[in-house]
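Worksheet for the structure shown next.
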There are 2 protein chains.
Amino acid sequence: MTTLPVSMTGTRELVDGALRAAVGRLDPRTYRVAAHHFGWAQADGRPATGGQGKALRPALALLSARAAGAAPEAALPGAAAVELTHAFSLLHDDIMDGDRVRRHRPAAWTVFGEPAAILAGDALLALASEVLLEAPGPGAATAARNLAATTRRLIAGQSLDLEFETRQKITLDECLAMVEGKTAALLACSCSIGAVLTGAPEPVCAALDAFGAELGVAFQLVDDLLGIWGDTDTTGKPTMSDLRARKLSLPIAAALQAGTPESARLQMLYRRPVPSGTAELEEIARLVEASGGRAWAEKEARLRVERAAAHLDAAAPPDDVRAEFLRIADFVTRRDH
Amino acid sequence: MTTLPVSMTGTRELVDGALRAAVGRLDPRTYRVAAHHFGWAQADGRPATGGQGKALRPALALLSARAAGAAPEAALPGAAAVELTHAFSLLHDDIMDGDRVRRHRPAAWTVFGEPAAILAGDALLALASEVLLEAPGPGAATAARNLAATTRRLIAGQSLDLEFETRQKITLDECLAMVEGKTAALLACSCSIGAVLTGAPEPVCAALDAFGAELGVAFQLVDDLLGIWGDTDTTGKPTMSDLRARKLSLPIAAALQAGTPESARLQMLYRRPVPSGTAELEEIARLVEASGGRAWAEKEARLRVERAAAHLDAAAPPDDVRAEFLRIADFVTRRDH
């Protein structure tokens, strides 16, 4: 796995305490599932090392408070809340998608069963709201309301993604709408939640939110490019894993919609219910490239990062905070592909 | 199904509008599942009649505002929020428990699949928080925080219930703790949420909450008695359905713990993995009665209703509100068994 810039690693310790305190309120059975998911415990409850996520969303939340001129600690309940919401969505998505592995470890539902994993996800979603509403300061209720609306958008994105599996034709616009819900909504909320909590003016909060939304789409575009052309060392996944799984990622959707002869052959190969061998996967990757799917995604990612930067400037954060936001943006959108 | 007292039927229309407005914000795919669950639509989206729940929790929420001297309308967001939370828990419980029928109709997961039903439950939980935080007035944030803590207790109860299935011995205290989470927590929240929303003094809110908590345990005790000795006309379920399903209900837990010779035989029969014929189910019911499980549950239900009434008096609601609360308490605890 790629590791985070130094500026983000300090975040994890700060947020880890808040997160552990929150999750510690859960009943012992639900706690066990959550502790396993967060990489704190093995399946039998013994302490674990590794398996933690990048804590990207909490890092953005803390920066968000600093963007509004407050101390990062003011955003701690927000940082915990967005990470809890992210964990909720991963626990449930793994069940829905039948994914058995999460961060090189068995997914919770494969260890504890589906019912316990459903319940643990539910508990983390409720806990996100509870933690946020306990925050001191002027913006707790608005932050919690934003997070609930964000969760609604996240769910809309995931439900669109589930629907795609049953449909023959999906437009690039629909695919972008899915990503705006499933990936970008929570990143947008993470980038603004600290400012909201500290009672920053609405236009500042809105600009930070827009920064995160554009960053989220850029992040997904890069992730999709890595799912086709990334190497195993960078992604931690087998090469061409998205093609193997017939994932309808953004470069694929762009290529299918291009109307080239290669689009038509791609369409035919991608719809076939039989698994592809390596030679066919390589042909599919070539067809996506020949139909302009790769070039479109690379250009769109750059464009989204530019737009994100413009929104960030509109929020007028202190220079060092601006630099850190951009360092994270650079990190999540240029992962050596 | 038993129908509600007249005083409660007016509630449904009032709450139905708020509920439909809230659920109408969901994406069309998630909306469809929710509309089916609420009995507004058939599986294919066409309008449905019937299948609605009793709207017990919203009725209590509206009364709760009146208990604090406010208009019932002040509690509408609270009434919608507790019903959304109840719906969330039913959607997910049916998946976890493998229950295929809900209110004489196919459970959502059997119609739309597990992933869509998981997502719809998630969406309703987030929506409950969103609706509540949009409420005007002084108590919205506190009400939302209470509801989130209530959801945590609800989940603790359900996770204990799931654990029971894997254990040999369960004490009556553990069984009561499960009921306090799974059934009583949300009823307690429903009975206080209207008062909290209108900014009523904390002791009034606490007394209403305690009324609901005792009422919730009484409600479950009566439900458990009906699950053994209720007739099909009253319950809408086959006779002795809880015994058939080997449900560890409160009268059973009391009987198993009694230490009588009948307890030992009950233990043996109830642990056997083979289904019981009618004669054996009748023997099991006799053993529960002979071990004092029935008498204990009947007495405990009366005791809980008395305690509930004492808490209600401590909240000092207007006379007509007190009478309505007690009418509902009577309705849910004396369903012709």
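The values are calculated or read from the model by the stated rules, or taken from the named source; none is laboratory data. Worth saying up front: this structure is predicted, and the values here are computed from it rather than measured. All Cβ positions, even for glycine, are placed from backbone atoms using ideal geometry, and neighbour counts span all protein chains on display.
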**Request:** For residues that are in contact (Cβ under 8 Å) with a residue 40 or more places away in the chain and of a type outside the set (Phe, Trp, Tyr), tally how many sit in region A:271-301.
**Result:** 12
**Request:** Filter region A:103-141 down to the residues that are at positive phi and in contact (Cβ under 8 Å) with a residue 40 or more places away in the chain, then identify the one that is farthest from the other protein chains (Cβ to nearest Cβ).
**Result:** A:His104
**Asked** When the residues of region A:22-46 are filtered to those that are without any contact (Cβ under 8 Å) to a residue 12 or more places away in the chain and part of a helix (DSSP H, G or I), which remaining residue is nearest to A:Asp99 (Cα to Cα)?
**Response** A:Tyr31
**Request:** Of all residues in region B:160-169, count the ones that are acidic (Asp, Glu) and at the interface with chain A (Cβ under 7 Å from one of its Cβ atoms).
**Result:** 1
**Prompt:** So how many residues does region A:100-113 have that are assigned to a helix (DSSP H, G or I) and within 15 Å of B:Leu160 (Cα to Cα)?
**Reply:** 1
**Request:** Please specify each residue of region B:32-67 satisfying the condition of being among the hydrophobic types (A, V, I, L, M, F, W, C) and in contact with an Asp or Glu (Cβ under 6 Å, 6 or more places away or on another chain).
**Result:** B:Leu63
**Request:** Quick one: B:Leu172 ticks every box in (1) over 16 Å from B:Leu84 (Cα atoms); (2) within 11 Å of another protein chain (Cβ to nearest Cβ) except a single one, so which number is it?
**Result:** (2)
**Item:** Residue satisfying all of: in region B:35-76; of a type in the set (Gly, Ala, Ser) and under 18 Å from the mean Cα position of the chain (by Cα); farthest from A:Ala177 (Cα to Cα) among these
**Value:** B:Ser64
**Request:** Determine whether region A:265-281 contains at least one residue that is among the small types (Gly, Ala, Ser) and surrounded by 24 or more Cβ atoms within 10 Å (Cβ to Cβ).
**Result:** no
**Message:** Anything in region B:143-171 that is of a type in the set (A, V, I, L, M), surrounded by fewer than 24 Cβ atoms within 10 Å (Cβ to Cβ) and either free of Cβ contacts under 8 Å to residues at least 24 places away in the same chain or assigned to a loop (DSSP other than H, G, I, E, B) (or both)? List them, or say none.
**Reply:** B:Ala149, B:Leu160, B:Ile170
**Asked** Do we have any residue at all in region B:275-289 that's outside any helix (DSSP H, G or I) and not polar (S, T, N, Q)?
**Response** yes
**Fill in**
Residue set B:Ala81, B:Ala65; condition away from chain A (no Cβ under 13 Å) and in a helix (DSSP H, G or I); output residue B:Ala65
**Item:** region A:142-159: number of residues that are at the interface with chain B (Cβ under 7 Å from one of its Cβ atoms) and touching a Ser or Thr at 6+ places or on another chain (Cβ under 9 Å)
**Value:** 9
**Asked** Residue check: is B:Glu13 within 17 Å of the chain's Cα centre (by Cα), among the acidic types (Asp, Glu) and not in a strand (DSSP E or B)?
**Response** no
**Message:** Can you confirm whether B:Ser129 is crowded, with 24+ Cβ neighbours inside 10 Å, closer than 25 Å to A:Gly181 by Cβ and in contact with a Ser or Thr (Cβ under 7 Å, 6 or more places away or on another chain)?
**Reply:** yes
**Message:** Being surrounded by fewer than 22 Cβ atoms within 10 Å (Cβ to Cβ), within 22 Å of B:His86 (Cα to Cα), of a type outside the set (Ser, Thr, Tyr) and outside the structural domain of A:Ala207 (by TED's automatic domain parsing) is the requirement here; does A:Glu114 meet it?
**Reply:** yes
**Prompt:** Residue check, B:Asp93 against (1) part of a helix (DSSP H, G or I); (2) over 16 Å from the mean Cα position of the chain (by Cα); (3) more than 7 Å from chain A (Cβ to nearest Cβ), all met but one. Which one?
**Reply:** (2)
**Complete set of residues in region B:199-218 that are surrounded by fewer than 20 Cβ atoms within 10 Å (Cβ to Cβ) and either within 20 Å of the chain's Cα centre (by Cα) or in a helix (DSSP H, G or I) (or both)** = B:Glu202, B:Pro203, B:Ala206
